[in-house]
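For reference, the structure discussed in these notes is given below.
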2 protein chains.
Amino acid sequence: MSAKISDVAKKAGVSTATVSRIINNLSGFSEETKIRVEEAIRELGYKPNAVARGLVSARTHTIGVLLPCLSSRYSSQLIHGIETEAHRRGYSVIICNTDRNGERTLEYLRILSEKRVEGIIFASEWVKEEYGRYMLDLSIPVVLVSTYSDHFPFPYVRVDDKQAAYTSFKYLLDKGHRKIGFISGTSDDPVAGAPRIEGYRKALAEYDQSFDEKLLVYGDFHFESGASGMEVLWNENKDLTAVFASSDEMALGALTFLHGKGVNIPGDISVMGYDDTLDAVMAVPALTTLHQPVEEMGICAMGLLLEGDDSNSIIMKHWVKERNSVREL
Amino acid sequence: MSAKISDVAKKAGVSTATVSRIINNLSGFSEETKIRVEEAIRELGYKPNAVARGLVSARTHTIGVLLPCLSSRYSSQLIHGIETEAHRRGYSVIICNTDRNGERTLEYLRILSEKRVEGIIFASEWVKEEYGRYMLDLSIPVVLVSTYSDHFPFPYVRVDDKQAAYTSFKYLLDKGHRKIGFISGTSDDPVAGAPRIEGYRKALAEYDQSFDEKLLVYGDFHFESGASGMEVLWNENKDLTAVFASSDEMALGALTFLHGKGVNIPGDISVMGYDDTLDAVMAVPALTTLHQPVEEMGICAMGLLLEGDDSNSIIMKHWVKERNSVREL
DNA sequence: TTGAAAGCGCTAACAG
DNA sequence: CTGTTAGCGCTTTCAA
């Protein structure tokens, strides 16, 4: 754990330059010396010091990922995708939980920049002015996941939220549902809130349904808010036939609330989620949900980060994944 | 993003040594120069290069976490705990998904050691001889989570698996259950398999119940295996009153299978899980489960890593978290 | 209170 | 094919 290149060089009777050439697989050494050096390396248990290497090469083979939350399924599946691809390409990933906290986010950004990461993946949060400026100043690649920015030229990987919500509601409407509750992100959320509400209104309009405020409640994408949102919908609307939640987790919250009321799903009320995380698979009944390819988005983001330019944004395909929580009327 | 300490020094009209003293909050400079230097830093947007710092100080303020899986709730809650505490203490965390693959694990170990991480948290997997030797050679702190080693002197943070299983079965037996199915990890798993089976047998013996092979099936802690394990139990035992699964995820699998058979839970069959992750909270019905403080274990592991010695292992308390999936007979 | 200079472990010209 | 040497950006004696 402490042999250095000079120790290897001494032991093998060559210069550090030669050792360097050999461990970096460059040209310019005989097979003979190579063998001798490799033996010295083995005997000394030499491991190149990536810190020293990083200093001279200005490369760290490390990237940073900023997420608003670490314990949601969405996050863990995204991280899984990112980590898999990063490792495949020879990169390590440092995870940072911003907790949706501005100071914390900027602090992480500072740390990552001091550590000279070669790229940053920024996920599921709005790029505030200060974040964007900071990242721009870093002049390293940045890729946005499940978010976008109109102020900053960062490429993104996401699904078209408006279109996805539209697809979802159209699906429910086509199944004959007319009284559809919507547990949405708040309308001041420019990523997963407002656009999906737009999609909702668009579908409604297309089916000549008027917009009914009572059918729209707001949550924070987590379980509890799904349950409490469902409670409000339940109390205010006695003739609901379906509910769409803007995350699988909120859909599960709704499921739990309805189950408590003795409601049969999908017999009495249909429930639909958004994301298609493992949560949807594991729900009872298994959740019909708007599929977005979360892990794949992580993989793509990593790809973009390393070889994309600012114009390489990707809109991923989405679709309705049918399971057992929605019935046709 | 490219100003270096010498630029700051030049701009402030001092030496790099003085700038270094100031940014490191050492002593030996006047308030006056401090102000001048800080202004230069601000104007240049200078950020200390952590790579260079790491080279001279031999400190990277980074640790590595090795996990067999990134997408389980268990993992994400553990990571959450670790990351929170790491950040609080000024450390970054590199995550590594070993995928239960030996080569991959050793490769990660090599990468982490080359990157000179200051510690390693190794979670939820048996410490094979080669892993242990490698980590020992690194001579940096290693902490085990939800595992232990009899060959290597690494401290661990975990619950007593045998005792926890015993507690769980005793709980079910006390509720009047006698025909209890067990979806377990395999008996060649020295961490979450064999010990829990021992606890199972101990509880059985205490209640004068004979061990019935038909009641014991094996899974891999994931959803699917819970469902298929439940199917076997279901086919082989017509008089089951309860099922205990060695992870919440497998319990959810069992739940889904039983639901498909029209079984009422806990009316017809009680189901109990292990872990008390968010999955248990979100299940329908909410899962009664053996609680282990997953996030807290992450926090403790991080603490141990930084200030423990090899004799500081921690056995965390466990208990039965009662919810709605078990009934009294 | 300050600066000069050596060196952390490695890479990359440039010679030979 | 191989060695010498000059840094990479920073910290840290040692002197002043």
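The values are calculated or read from the model by the stated rules, or taken from the named source; none is laboratory data. Note that the coordinates shown come from a computational prediction; the quantities given were computed from them, not determined experimentally. Cβ sites come from the backbone with ideal geometry, for glycine too, and all protein chains shown count toward neighbours.
On the given criteria, is residue A:95 free of Cβ contacts under 8 Å to residues at least 40 places away in the same chain, more than 17 Å from the chain's Cα centre (by Cα) and not in a helix (DSSP H, G or I)?
Numbers: free of Cβ contacts under 8 Å to residues at least 40 places away in the same chain: yes; more than 17 Å from the chain's Cα centre (by Cα): no; not in a helix (DSSP H, G or I): yes.
When the stated conditions are applied, residue A:95 does not pass them.
Let's see how each residue does on (1) at pLDDT 95 or above; (2) under 30 Å from residue B:118 (Cα atoms); (3) aliphatic (A, V, I, L, M):
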residue: B:249; (1), (2), (3): yes, no, no
residue: B:253; (1), (2), (3): yes, no, no
residue: B:265; (1), (2), (3): yes, no, yes
residue: B:289; (1), (2), (3): yes, no, no
residue: B:296; (1), (2), (3): yes, yes, no
residue: B:311; (1), (2), (3): no, yes, no
residue: B:317; (1), (2), (3): yes, yes, no
residue: B:321; (1), (2), (3): yes, no, no
residue: B:324; (1), (2), (3): yes, no, no
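One residue alone among A:255, A:216, A:204 is buried (at least 22 other Cβ atoms within 10 Å of the Cβ) and among the aliphatic types (A, V, I, L, M), and that residue is A:255. Report whether or not residue B:36 is more than 9 Å from DNA strand D (Cβ to nearest atom) and of a type in the set (Lys, Arg). Spelling it out, residue B:36 is indeed more than 9 Å from DNA strand D (Cβ to nearest atom) and of a type in the set (Lys, Arg). Are there any strands (runs of 3 or more DSSP E) wholly within the range A:220-329 with 2 or more residues that are in contact with an Asp or Glu (Cβ under 7 Å, 6 or more places away or on another chain) and of a type in the set (S, T, N, Q), and if so which? Those strands (runs of 3 or more DSSP E) span A:288-291.
Take residue B:51 and decide whether it is within 16 Å of DNA strand C (Cβ to nearest atom), under 32 Å from the mean Cα position of the chain (by Cα) and at pLDDT 95 or above. Yes; evaluated as a whole, the condition is true for this residue.
For (1) within 14 Å of chain A (Cβ to nearest Cβ); (2) more than 20 Å from the chain's Cα centre (by Cα), each residue gets a yes or a no:
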residue: B:106; (1), (2): yes, no
residue: B:110; (1), (2): yes, yes
residue: B:114; (1), (2): yes, yes
residue: B:127; (1), (2): no, no
residue: B:131; (1), (2): no, no
residue: B:134; (1), (2): yes, yes
residue: B:138; (1), (2): yes, yes
residue: B:149; (1), (2): no, no
residue: B:152; (1), (2): no, no
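For the range A:140-164, the tally of residues that are assigned to a helix (DSSP H, G or I) and in contact (Cβ under 8 Å) with a residue 60 or more places away in the chain stands at 2.
For every residue, the table says whether it meets (1) surrounded by 21 or more Cβ atoms within 10 Å (Cβ to Cβ); (2) away from DNA strand D (no atom under 16 Å from the Cβ).
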| site | (1), (2) |
| --- | --- |
| A:23 | no, no |
| A:26 | no, no |
| A:32 | no, no |
| A:44 | no, yes |
| A:58 | no, no |
| A:66 | yes, yes |
| A:86 | yes, yes |
| A:92 | yes, yes |
| A:105 | yes, yes |
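Filtering the range B:297-311 for residues that are among the polar types (S, T, N, Q) and either touching a strand residue (DSSP E or B) at 6+ places or on another chain (Cβ under 9 Å) or surrounded by 18 or more Cβ atoms within 10 Å (Cβ to Cβ) (or both) leaves an empty set. Can we say residue A:84 is within 30 Å of residue B:5 (Cβ to Cβ), among the polar types (S, T, N, Q) and outside any loop (DSSP other than H, G, I, E, B)? Spelling it out, it is not the case that residue A:84 is within 30 Å of residue B:5 (Cβ to Cβ), among the polar types (S, T, N, Q) and outside any loop (DSSP other than H, G, I, E, B).
For the range B:54-81, which residues satisfy the criterion of being more than 8 Å from chain A (Cβ to nearest Cβ) and out of contact with any strand residue (DSSP E or B) (no Cβ under 8 Å at 6 or more places or on another chain)? Within the range B:54-81, B:56, B:57, B:58, B:59, B:81 meet the criteria.
Summed over the range A:1-14, residues that are away from every other protein chain (no Cβ under 14 Å) and near DNA strand C (Cβ under 7 Å from one of its atoms) total 1.
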